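Contents: one structure, followed by commentary.
The values are calculated or read from the model by the stated rules, or taken from the named source; none is laboratory data. These numbers were taken from a predicted model, which means no experiment stands behind them. Glycine gets a Cβ as well: all are built from the backbone with ideal geometry, and neighbour counts include every protein chain shown.
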Amino acid sequence: MKYQIFKDKIIVFDKEDFDALQILECGQFFAYQKIEKGFDVFSEDKYAKVIETDKGYEIITDSPHYFEDFFDLKNDYSKIKNKLSGYEILKKPIEFGHGIRILKQDLFEVLISFILSANNNIKRFSKTLFKMREKFGKRMDGYFAFPTRKQLLRATEKDFVELGAGYRAKYLYNVLRQVDEKTLEEWRSLETKTLRNKLISLSGVGPKVADCVLLFGYHRQDVFPVDTWIEQMYHKFYGDKEQNREKIREFLVGEFGEFSGYAQQYLFFFMREN
DNA sequence: GCCCAGGGATGCG
DNA sequence: CGCATCCATGGG
């Protein structure tokens, strides 16, 4: 994909492998807001404004190299889509979600975000996450940074309830006392299976949340998060042989192997939007 | 008022 | 183990 980096922006000359709406609304990310002709995007303490142009996008930001990595710009999605289109079942989903990219999000932020996502609706917990920024994060120029673990350690369980976390407040309170940002970074060296077990041992993290952190944070591509939409997709396209989520997950990882994560995103987006 | 949300923890057999 | 039940709460 063609793009150019400047000191205050990235220019993307492409709409085929980069579609801001698809990237942001395919369920991997929640810290964005719709603005005229684009989106405000927040990650950690960084900010970018993504604007659609005639031939592509402008990513306007003080941290162009951060967002080059964040949007996974060095990765060749044409190649990935080309390989995956060998699967008959993926042909329409890939065409439909051609501009999806899997973000490389901050580990701590993605962990907290997906703990809140469990049995919750996106609109509600996105609001909780923004309120968490306002209450505990550093005030930046016109927005708030995502709070650090140290900042969140000052929160009581009741504070999280007041932000709208519901019964997940306890999970947040606990998980903050189980890991820090440094430990999450160190876990990058672990193989996927070991790492997955480490994540599942954390409070509020089960198989699905662990797979989301693996895919959207650690960028592990050999995982296939199974949620309600993927469950529907499985029954629609593959029948009713397996009933429990763990079995469905094993089947789908077996089916898509090292490209599971990408396949999952195309299928998820296709199911949810149709 | 009712049902649902990108599930996880807990307890029970 | 595998399965059932409970869980807070805003949005639709």
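Per-residue answers, yes or no, for (1) within 13 Å of DNA strand B (Cβ to nearest atom); (2) farther than 20 Å from A:Arg188 by Cβ; (3) touching a His at 6+ places or on another chain (Cβ under 8 Å); (4) at pLDDT below 95:
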{"position": "A:Lys208", "(1), (2), (3), (4)": "yes, yes, no, no"}
{"position": "A:Asp211", "(1), (2), (3), (4)": "yes, no, no, no"}
{"position": "A:His219", "(1), (2), (3), (4)": "no, no, no, no"}
{"position": "A:Asp227", "(1), (2), (3), (4)": "yes, yes, no, yes"}
{"position": "A:Gln232", "(1), (2), (3), (4)": "yes, yes, no, yes"}
{"position": "A:Lys236", "(1), (2), (3), (4)": "no, yes, no, yes"}
{"position": "A:Phe256", "(1), (2), (3), (4)": "no, yes, no, no"}
{"position": "A:Ser260", "(1), (2), (3), (4)": "yes, no, no, no"}
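What residue, among those in the range A:175-215 that are without any contact (Cβ under 8 Å) to a residue 12 or more places away in the chain and among the aliphatic types (A, V, I, L, M), is nearest to DNA strand C (Cβ to nearest atom)?
Only one residue tops the list, namely A:Ile200.
I'm trying to understand the selection: among the residues of the range A:75-88, which are surrounded by fewer than 17 Cβ atoms within 10 Å (Cβ to Cβ) and part of a helix (DSSP H, G or I)?
Across the range A:75-88, the qualifying residues are A:Ser78, A:Lys79, A:Asn82, A:Lys83, A:Glu88.
Which ones in the range A:221-250 are charged (D, E, K, R), part of a loop (DSSP other than H, G, I, E, B) and either within 16 Å of DNA strand C (Cβ to nearest atom) or surrounded by 20 or more Cβ atoms within 10 Å (Cβ to Cβ) (or both)?
Result: A:Asp227, A:Asp240, A:Lys241, A:Glu242.
Just to be sure before I move on: is A:Phe67 modelled with pLDDT of 95 or more, buried (at least 17 other Cβ atoms within 10 Å of the Cβ) and assigned to a loop (DSSP other than H, G, I, E, B) in the structure I sent?
No, not satisfied.
Going through A:Asp17, A:Asp72 one at a time, which residue ends up being among the charged types (D, E, K, R) and in contact with a helix residue (DSSP H, G or I) (Cβ under 6 Å, 6 or more places away or on another chain)?
Result: A:Asp17 is the single residue among A:Asp17, A:Asp72 that is among the charged types (D, E, K, R) and in contact with a helix residue (DSSP H, G or I) (Cβ under 6 Å, 6 or more places away or on another chain).
So, in the range A:1-58, exactly how many residues are under 29 Å from A:Leu129 (Cα atoms), of a type outside the set (Lys, Arg) and outside any strand (DSSP E or B)?
19
Can you tell me which residue among A:Asp72, A:Asp106, A:Asp62 is exposed (fewer than 15 other Cβ atoms within 10 Å of the Cβ) and at pLDDT 95 or above?
Result of the check over A:Asp72, A:Asp106, A:Asp62: A:Asp62.
Restricting to the range A:144-174, what's the tally of residues that are within 16 Å of DNA strand C (Cβ to nearest atom) and β-branched (Val, Ile, Thr)?
Total meeting the criteria: 2.
Report, by residue number, each residue of the range A:24-52 that is touching a Gly at 6+ places or on another chain (Cβ under 7 Å) and among the β-branched types (Val, Ile, Thr).
Within the range A:24-52, A:Val50, A:Ile51 meet the criteria.
Could you say which residue among A:Phe6, A:Phe30, A:Phe13 is crowded, with 18+ Cβ neighbours inside 10 Å, of a type in the set (A, V, I, L, M, F, W, C) and at pLDDT 95 or above?
The unique qualifying residue is A:Phe30.
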